[in-house]
1. Which values, in whole Å and largest first, are the semi-axes of the equivalent ellipsoid of the stretch A:280-322 obtained as the square root of 5 times each eigenvalue of the Cα gyration tensor?
2. Where in the stretch A:26-74 does accessible area fall by at least 40 Å² between the isolated chain and the complete protein assembly, at a 1.4 Å probe radius?
3. Using only the Cα atoms of the stretch A:225-312, each taken as one equal point scatterer with no solvent, compute I(q) by the Debye sum, divide by I(0), and report log10 of the ratio at q = 0.19, 0.20 Å⁻¹.
4. What length, rounded to one decimal in nm, is gained on full extension from A:Glu54 through to A:Ala335, with 0.36 nm per residue of separation minus their alpha-carbon distance?
5. Per Stokes-Einstein, at 37 °C and 0.692 mPa s, what whole-number D in µm² s⁻¹ belongs to the stretch A:287-464, with the Kirkwood radius over Cα pairs as the hydrodynamic radius?
6. What are the semi-axes of the equivalent ellipsoid of the stretch A:5-273, taken as the square roots of 5 times the eigenvalues of the Cα gyration tensor, listed largest first and rounded to whole Å?
7. Explain nothing, just the number: dipole magnitude of the stretch A:5-273 about its Cα centre with +1 on each Lys and Arg Cβ and -1 on each Asp and Glu Cβ, in debye rounded to the nearest 20.
8. Across the stretch B:6-163, how large is the tail of the calculated P(r) beyond 28 Å, expressed as a percent of all Cα pairs?
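The values are calculated or read from the model by the stated rules, or taken from the named source; none is laboratory data. In this text, all values refer to a predicted model and were calculated from it rather than measured experimentally. Backbone-built Cβ (ideal geometry, glycine too); neighbour counts: all protein chains shown. We work out accessible area using only protein heavy atoms, side chains counted, and drop any ligands, DNA or RNA first. Shrake-Rupley method; radii C 1.70, N 1.55, O 1.52, S 1.80 Å.
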Amino acid sequence: MSRTLLDKLWDAHEVAFDEENGSLLWVDRHLVHEGSHHAFAKLAERDLPVFAPELTFGVADHYAPTRGRASIADPAIAQMLERLERNTERYGIRLFGLRDPRQGIVHVIGPEQGLTLPGLLVNCGDSHTSTHGAFGALAFGIGATQVAHVLATQTIWQARPKSMRIRIDGMLGPGVTAKDIALHWIAKLGTDGATGHAVEYAGSTVRDLSMEGRMTLCNLSIEGGARFGIVAPDDRTIAYLKGRPFAPDGDDWDRACVAWRELVTDEAARFDREVRIDAADIAPTVTWGTTPEQALPITSTIPDPGTFDGGRARAAREALDYMGLTPGQRLEDIAVDQVFLGSCTNARIEDLRAAAAILKGRSARVPGVVSPGSMLVRAEAEREGLDRIFVEAGLEWVASGCSMCVGMNGDVVAPGKRCASTTNRNFRGRQGKGARTHLMSPVMVAAAAVTGRLTDARALMMEQS
Amino acid sequence: MAGWTTHDGLAAALPQANVDTDQIIPARFMSASRKEGYGDYLFADLREGNDAFPLDRHAGISVLVAGPNFGCGSSREAAVYALIDAGIHVVVAESFAEIFAGNAVNNGLLPARTAEAGAILEALGTETAKVRVDLETRRFLVDDREYGFELSEIWRRKLVNGWDDIDLTLSRTEAIAAYRDARRGQAPWIWPKTAPS
Ligand code: SF4
C-alpha cells in the first residue's frame with residue numbers, strides 16, 4: 001500500500017493501538033526546558049523515575065538571560081534556571097545549561113548538535129517543536145501533562161492527524177525567504193487553516209531551501225494550526241548532519257543513511273488535502289495585525305476591515321486598534337521604534353548572515369537587539385565578523401535565548417512601542433505588555449532597522465549591488 | 001483528577017476569535033508552581049482596567065463561550081490551569097487549537113466544539129445564562145435551548161473517568177520495553193553516543 005511520509009513515521013513509532021485510546025507512540029527524543037517544571041513536579045509527586053534519561057535532554061532557553069549572566073538579578077528567573085538544573089541532575093538528564101558553550105534555543109541546538117535526526121519522534125513542551133520536522137522527523141509540541149507522561153513512559157498517546165501537502169514550486173524572488181513562504185500560506189489559509197493536519201512541504205522551492213530555511217518553514221507550521229511540519233530528508237539533510245556531535249558515525253552512519261533515504265511519500269500516496277503555491281506569487285511579507293494570518297506583501301496598504309467577513313472584520317478592527325494603524329496606510333510608511341533579530345524561527349547562522357548583508361556599512365536608525373539562536377551560532381557569527389557589522393550599525397549583540405520572542409527572561413518591548421521582529425507570534429502582549437509586533441524575515445528586519453520604518457528590503461539590496 | 005459527567009453552571013460570552021494563550025495567561029506569570037494557583041492571572045492583560053470584561057462583569061461564571069480557534073499559540077498548560085483555577089469547567093467555541101484542547105482534557109476542562117458557538121455568542125450578548133452540560137449525550141442546554149457538541153470518544157472517556165494517562169500507560173510497560181529493545185536492535189544509531197566531547 002502506498003503511504004505518505006507521515007504514515008511511515010507514524011507506523012514506525014506505534015507501540016500499541018486501540019480504538020479507545022488511539023496510538024501509543026514511542027518517543028526518540030524528549031527535550032525539556034525551564035518551562036517543564038510542572039511536569040517534573042508531577043513526576044516527583046508520584047515518585048516515578050524517568051523512563052529513558054539517555055533520550056531526554058535539557059536546555060536553558062526560555063528564561064535564559066541574554067546579558068549579565070554572571071549574576072542574575074531577578075530571583076524568579078534565577079529560580080527557574082536552578083529548578084531546571086536540579087531536576088535534570090536528579091533524573092540523570094544531560095543539560096545544556098547557561099554556562100555550556102552549546103547553550104541556545106531548544107529548536108536550534110537540537111539540530112545543531114545532531115540530536116534531531118530523520119525518522120525520529122521528537123517531543124518538547126513548546127509548540128514550535130514542529131521545527132525538527134525539517135529533518136523528516138515526527139516532531140510536535142506537547143503540554144505539561146504530556147511532558148510528565150513522556151518522562152515517565154517515553155511514549156505519548158496521539159490520534160493520527162489528517163495528511164496535508166503544501167507543494168511550492170518555482171524560484172523565490174530576491175529578498176524572499178522561507179519566512180515569507182510561511183507567512184504567505186498562513187495569510188492564505190488562516191491561523192486554523194491546517195488544524196487537525198500534519199503538513200508535508202514538498203515541491204522544488206522546498207527542495208532548494210537550505211536546512212535553515214526548511215526549519216523556519218516547519219517552525220511556523222503551528223501558526224497555521226498544524227502541529228506537524230515535515231520535509232522529506234534528502235542529500236542536503238544528510239550533508240547537514242554529517243559530523244554533528246550526537247549524530248551517528250562509522251557503520252551506524254551508513255546504516256542510518258540507508259534508512260533515511262526510505263523516508264519519502266510514495267508516488268501513489270494520497271493526501272487528505274493538497275495546496276499548491278507558486279513561488280513567484282510570494283513577496284517579502286509582513287504582519288500588520290495581531291495574528292500571523294494578518295499578513296500582506298510589504299508593497300500593500302493596511303486593509304479596510306469592512307472588506308472581511310463577519311468574525312474576521314471584527315478581529316481586524318480590534319487588531320488595528322491595538323496596533324495603532326489605520327486602513328489605507330501604506331505598510332512602508334509605518335515607523336518602528338525598535339527591531340529584534342532572534343528566536344528559534346530566524347536566528348540561525350544563515351539568518352544572521354542575510355541580515356548582516358543588508359546592514360553592512362549602514363547604520364540603524366532605531367535601536368535593536370540581535371540574539372543568536374545558540375551560543376555556537378554566536379561564536380560562528382563572531383568568527384565571520386557579523387557581530388561587528390551589527391554593533392557598528394548600532395544594534396546590541398547579546399547572548400542566546402528565547403529573549404524577546406516571549407519576554408520571559410525580562411527582554412521585552414515597552415508598552416505601545418512598535419517592533420519589527422523575526423519571531424513567530426504577533427499576539428497582543430507576546431513581546432511584552434502592550435507591545436506592537438510586526439513579523440517578518442531577517443532581511444526585512446535589517447531593512448527596517450536601516451530606515452526606521454517597515455521597508456521593502458529589495459530596494460536596499462538593489463542599492464548595494 | 002476527578003471525572004465528571006454533567007455540569008451545571010453559568011455561561012458568559014467572550015466574543016473574540018483566535019483567543020491565544022498569551023491572552024489567556026501572559027508569559028510573565030508562568031513561573032508560579034501549580035499549588036500557588038493560576039486563577040488570578042487569567043486574561044490578566046485583557047482584564048486590567050476593563051471592568052466590562054465578561055468575567056468581571058459577572059460572578060460565578062463556569063462556562064466560557066468564545067470565538068473560533070480558541071487557545072491558539074503556545075503549548076503552555078498554564079493557560080488551562082488559569083481557566084480551571086478561575087472556576088471555568090467548560091469552554092464552548094466553534095474550533096480549538098489542538099494542543100490547547102488536549103491540555104484541557106488532560107486537566108478535566110471540556111473544550112466543547114460546536115458550529116453553533118457563534119449563535120450562542122450572539123444570544124448571550126453581555127448577559128449570562130444557565131447552562132447544563134452532559135458528557136454522556138454530548139449536548140448542552142443554554143437556558144432552554146439545546147445544542148450538541150463534538151468530542152472524540154477517547155476524550156469523552158477521559159473526562160468522565162478522570163483518567164490519568166500515566167497509569168493507563170504504565171500498565172503497558174512490558175510492551176514499551178519490548179518496542180524499545182526491538183528499535184534499538186534495528187536502529188542502534190538512534191541512541192546518542194553517551195559522551196561526545
Ligand atoms: S524562541 Fe520563542 S518559539 Fe522558540 S522555543 Fe523560545 S519561546 Fe518558543
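1. Working: eigenvalues 76, 23, 16 Å².
The answer is 19, 11, 9 Å, longest axis first.
2. A:Trp26, A:His38, A:Arg46, A:Phe51, A:Glu54
3. -1.03, -1.08
4. Working: separation 281, 0.36 × 281 = 101.16 nm, distance 4.92 nm.
Between A:Glu54 and A:Ala335, full extension yields an extra 96.2 nm.
5. Details: Rh = 16.2 Å.
The estimated diffusion coefficient comes to 203 µm²/s.
6. Working: eigenvalues 178, 96, 72 Å².
Semi-axis lengths for the stretch A:5-273 are 30, 22, 19 Å.
7. 600
8. Details: 1511 of 12403 pairs.
Counting pairs separated by more than 28 Å, the tail of P(r) holds 12 percent.
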